[in-house]
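Colleague: To start, I am sharing the structure in question, which I have written as structure tokens.
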Amino acid sequence: ATAAIALAIQHLNTGNGTIVPEIATEMDKGCNLKFSLELEDTKLQESHGTDRVIQATDRAANAPDKILPCAVLGAGRSAVSMPTALITSLRGYPQMSFSTSPDLDNSVQYPLYGRTIPADDGTAVPVVLYFRNVLKAKHFCILNVNDAYGSAFALGIRVAAKKYAPNMEIQSTDLRVGATASEIEEAVQFLKSTQYTFFFGILFPTSVLYDVMTEAHRQGIAGTGVHNWILSDSSGSDLISQTFPRDSPLGLSFRGTGLIGASGGLPELSPQLQALTRELQLVKQSEADMMYLESIFPKYDGQSYNVNQESFLTSAGTFGPFMYDSAVALGLAACQTWQETQTVDGEAHFQAMLERSPFSGTTGLLRFDSVTGTRDPTSATFTYLNHVEDTDLSTNTNVQYKQVLSNIFQQGEWSALQDNVYNDGTTTIPADLPAVPFVEKNHLNSSLRAVGLVLCGVAVFMALACATWTCVKSETRVIKASQPLFLLTVCAGVIIFVSAIVPLSIDEGVATVDGCDAACISAPWLLCVGFSTIFAALFAKTRLINKIFNDPSLQRIRVTPIDMALPLLVLQGGNVIVLGAWTVVAPLEWTVDVEETDIFDRPTEVLGGCSSDKVLPFLIPIVLLNAGVMVYAIYQAYAARRVSTEYSEPEFIFKAMLSIMLVCFIGVPVLILAQDNPDAFFFVFSCILFVSSTGVLLLIFLPKMLHLNERKAKSSSSSISDSVHSTSSPDLSTRPETIAEATEHTEHDEKVGLAVLTTKSQEELIEENKYLRRRMIRLTAAASYKSGTANHVPAVLEKRNQVVTIPEESAIAAHNHKRVPPGQSADSKVGGTETIPAHARNPPRLSSSGGNTPVYQPSLESTADTHKVEFDSNEDEEAAMAASNDGTIFEEEGED
């Protein structure tokens, strides 16, 4: 730095613009000033530096033979620069140095202080940007010596972080000057407690740096391959040319460390710096110049600095370019002030220097702050020097490190010149925090996923089997009466509905985020479309049954496919409109929510799921629409509960609807409680869909399958009896004798519908059946009595399913009589006869094409000359015996 200042003064005196062209320009204007140089050593002590400044500025009284200074350059240490700058400002002398304490920016206390190097808070900006942009770190810890420089630098880093990296977490601790071993141990323990892996050290002198790094290695936060240290420029080149045992604490700890500091620039990037280096090398070659330098250097114990060292003036050094620019800036400003006022006033001199900026110097484009006199940090150059092993000087037992320039900061940005080597010996940027041991992602258990998919497969298989069975048996009466379209619609709805298990089983454990998004969108479509398809079919069937039966005309009504499809189309249309708008406006997307974090706010447990910003505006209409249809469908099924058909279809439809409602009533609250547990949520949801779907299939299809199997078994085990012929009862001879026989006759008849039997309750039907059974027995017995063949009754009476043998002519005669109900005489009957209700004799029918089918007929199996009457109870047997022995009052009826 001293040689650079001396070279600057020589260039000012000679007008040499080789490095700074403005020198030649200014000297050509007629600057008559000549500059000289005096050197004083502050010994890094405030008191010693203050004494030297006071002596130099008091020369008018104490040393009239010496010239008064026009400006002061130095000191290097901020703690010395502050008291000396206070004196120079009071006495009217500008002062420039490479001290970096932000306290020197106080323009009230130090109005004439300036510097060509940024302050520490300015230097802190490149430090923060290096951690943010190069290391991608959000956490690091500072350890600094708590003198003016160290404390101000640490504070500057925190201030810069708030501006340039507000999300960065920085912790810091300090060491007092001359800290003891226990204080160092305590400070390192604090660093360890942060769990950070990056540390920034503002440590000096070298002995303190070594003690800290040794203790850090002992506590496991240095030399581990995980933790990395970066040092400020206060460490200088202390590590260079130092040899450490290879596996020693210092040998391991310093591997891969770095040093960030202001720089005069790179010779290969700065022509001015290249020129400064050449000029210094020429100085070394000049014997006169070397003698001059040796004469001005301070002498210690009679010995001056050895200027003949091999390394002397081989480069501009770290601070040489800054001091060259400082001397040039003060010299040019002094010339300008002299030319304007023919004097060099301290305040005018300093103000002229600020006004002349920016100008191009060896450290780049200099720009001073007009208030503080400190260089704008964006106009300075900073470097990152990586400490890597010098393979040429290292041995198997010892290691020596060299500084490699890997990054440079210019114009506010860091640029990489080559890859950094870190403490683990690689160029991979390490993490700023220790790795999270385990992150619970709450993915769906693979076994439960398999169970859900198996349930889905079983339900789909059952639906396909039912649909296949429907198509194969489409010509049978039971399928025609139930309408194939209705049955196939139920199967399709079940397949769509239960298929929602598939997208519900998808998460990031088995698919990408895009796949999860697609699953989120498809799930509500499958659920709503499938649900509405099932309920639309059930609703349409029960609604038509109620409509037909409540028709007062009891006319046969044709049911077309449009009648079945219309409710489905209306309901599906409403669902499609709402779902389509939802998909377009605010589709469900896969999002991951953080459930738990560690002390660094890093997720340790996350939960993925489908979400949207606008769910309620679409979910509410869908729920109201489908829930409304479900309630209305259940109401229709309840209203049709008393309608008795051949296959009891309204009853089973009502049970199917009720089963879905009960499953939802129980399952949905459980589903809400389990929504934070993916395994439980998926299992409960899958069970709800499976039970609902299979329940509908079983209640709709199983009774029909059992009916066909039962009829097939009866047909194969019984023979067909001859019909009873009677001239007095032609209707009897033309009717099929049983319902099964009637069904056989219409098995392949296209005009087959569902016969509605009655709307009476089961209790009423039982009582009516008993009454009609007694009536038939008494009529048969009475006919035998009147014809004089009572001696034939009964031929055979068994304890259960007894058979009464009656002559054929007596049975025919009995057909034309009616028994007077108990408590009435023959003359008290209305119209001379007792009439069975019309719907019991000839009931209406729910038919797709029309046609009447007998729905009730006593089982009379004809033989050659007798009829067999089967009894289902002892009560019937006793009634027959009483009628045959005692006689009964009968009334002739012309048509019965």
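The values are calculated or read from the model by the stated rules, or taken from the named source; none is laboratory data. These numbers come from a predicted model, not from an experiment. FYI the Cβ positions are ideal-geometry reconstructions off the backbone, even for glycines, and counts take in every protein chain you see. Just the protein is used for accessible areas: all its heavy atoms, side chains included, with ligands, DNA and RNA removed. Shrake-Rupley method; radii C 1.70, N 1.55, O 1.52, S 1.80 Å.
Colleague: Would you tally the net charge around Gln272, using a Cβ to Cβ cut-off of less than 12 Å, leaving Gln272 out, and scoring K and R as +1, D and E as -1? Please list the in-between numbers first.
Modeller: Working: positive: Arg278; negative: Glu22, Glu279, Asp325.
Residues close to Gln272 contribute a combined charge of -2.
Colleague: For segment 133-190, place one equal point scatterer on every Cα, skip the solvent, and apply the Debye formula. What is log10 of I(q)/I(0) at q = 0.14, 0.20 Å⁻¹?
Modeller: Log-scaled intensity ratios, in q order: -0.44, -0.78.
Colleague: Something else about it: Sorted by average packing, counted as other Cβ atoms within 10 angstrom per residue and highest first, what order do 422-431, 49-58 take?
Modeller: On the way: 422-431: 15.2, 49-58: 17.5.
Highest-to-lowest ranking by the protection proxy: 49-58, 422-431.
Colleague: Going from the alpha-carbon gyration tensor of segment 1-147, what semi-axes, largest first and in whole Å, does one get by taking the root of 5 times each eigenvalue?
Modeller: Working: eigenvalues 213, 106, 32 Å².
Rounded to whole Å, the semi-axes are 33, 23, 13.
Colleague: Another one. Among 173-183, 771-781, 654-664, what's the highest-first ranking by average C-beta atoms within 10 angstrom per residue? If you can, show how the numbers build up before the last one.
Modeller: Values: 173-183: 13.6, 771-781: 20.7, 654-664: 18.9.
Peptide ranking by packing, descending: 771-781, 654-664, 173-183.
Colleague: Which length gain, in nm to one decimal place, applies between Lys299 and Val623 when the Cα-Cα distance is subtracted from 0.36 nm times their residue separation?
Modeller: Numbers: separation 324, 0.36 × 324 = 116.64 nm, distance 9.54 nm.
Roughly 107.1 nm would be gained on extension.
Colleague: So how far, in whole Å, is the C-alpha centre of segment 175-249 from the one of segment 264-329?
Modeller: Value for the Cα centre distance between the two parts: 32 Å.
Colleague: Over its Cα atoms, what ratio of radius of gyration to 2.2 N^0.38 Å does segment 293-428 give? Display every interim value, and only then the final one.
Modeller: Details: Rg = 21.1 Å, N = 136, 2.2 N^0.38 = 14.2 Å.
Ratio of Cα Rg to 2.2 N^0.38 Å: 1.48.
Colleague: If you roll a 1.4 Å probe over the heavy atoms of the protein chains, what accessible area per residue do you get for segment 126-244, in Å²?
Modeller: For segment 126-244, the per-residue accessible area is 40 Å².
Colleague: Using alpha carbons only, how many angstrom separate the centre of segment 74-93 from the centre of segment 573-633?
Modeller: Segment 74-93 and segment 573-633 have Cα centres spaced 69 Å from each other.
Colleague: Binned at 5 Å from 0, what are the whole-percent values of the Cα-Cα distance distribution for segment 63-205, short to long?
Modeller: For segment 63-205, the pair-distance distribution reads 2, 9, 17, 17, 15, 13, 10, 7, 4, 2, 1, 1, 0.
Colleague: Step through the residues of segment 398-403 one at a time and calculate ³J(HN,Hα) from phi using the Karplus curve (6.51 cos²θ - 1.76 cosθ + 1.60, θ = phi - 60°), rounding each to whole Hz and writing x for Gly and Pro.
Modeller: With coefficients 6.51, -1.76 and 1.60, one gets 10, 10, 10, 10, 10, 8 Hz.
Colleague: Now a separate question. What residues qualify as long-range amide H neighbours of Val72, i.e. H under 5 Å apart, gap of 5 or more or another chain, H built at 1.01 Å from N?
Modeller: Under 5 Å from the amide H of Val72 lie the amide H atoms of Gln95, Met96, each far enough along the sequence or on another chain.
Colleague: What are the residues whose amide H is under 5 Å from the amide H of Leu405, where those residues sit 5 or more places off or on another chain and H is modelled from the backbone?
Modeller: Here the answer is Asn386, since their amide H atoms fall under 5 Å of that of Leu405.
Colleague: Right, next: Counting heavy atoms of the protein chains only and a 1.4 Å probe, report the per residue accessible area for segment 294-364 as a whole number of Å².
Modeller: Values: 3230 Å² over 71 residues.
Value returned for segment 294-364: 45 Å² of accessible area per residue.
Colleague: Suppose we look only past 18 Å in the calculated P(r) of segment 585-694. What percent of the Cα-Cα pairs does that tail hold?
Modeller: Details: 4047 of 5995 pairs.
Summing the P(r) tail past 18 Å for segment 585-694 gives 68 percent.
Colleague: Spelling out what I want: for every residue of segment 85-99, take phi, set θ = phi - 60°, compute 6.51 cos²θ - 1.76 cosθ + 1.60 (Karplus), and round to whole Hz; glycine and proline get x.
Modeller: 5, 5, 6, 5, 5, 5, 9, x, 10, x, 9, 10, 8, 10, 6
Colleague: Pop out the ³J(HN,Hα) list for segment 165-179 in order, Karplus 6.51 cos²θ - 1.76 cosθ + 1.60 with θ = phi - 60°, rounded to Hz; leave Gly and Pro as x.
Modeller: For segment 165-179, the Karplus curve yields 8, x, 8, 7, 9, 10, 10, 8, 8, 9, 10, 6, 4, x, 4 Hz.
Colleague: How large a share of the accessible area of segment 49-152, in percent, is made up of carbon and sulfur atoms when the probe is 1.4 Å and the other protein chains stay in place?
Modeller: Details: 1990 of 3640 Å².
Carbon and sulfur atoms account for 55 percent of the accessible area of segment 49-152.
Colleague: Assuming a viscosity of 1.567 mPa s and a temperature of 4 °C, what translational diffusion coefficient in µm² per second does Stokes-Einstein assign to segment 415-465, Rh being the Kirkwood radius over Cα pairs?
Modeller: On the way: Rh = 16.4 Å.
It comes out at roughly 79 µm²/s.
Colleague: For segment 454-520, which chymotrypsin sites (Phe, Trp or Tyr not before Pro) pass both filters: DSSP loop (anything but H, G, I, E, B) and at most 11 other C-beta atoms within 10 Å? Let's see the in-between values first.
Modeller: On the way: sites: Phe461, Trp469, Phe486, Phe497; in loops: none.
Taking segment 454-520 and a limit of 11 other Cβ atoms within 10 Å, no loop chymotrypsin sites (Phe, Trp or Tyr not before Pro) are found.
Colleague: Ok, one more. Would you mind putting 31-38, 677-684, 372-379 in packing order, based on average other-beta-carbon counts within 10 Å, highest first?
Modeller: 372-379, 677-684, 31-38
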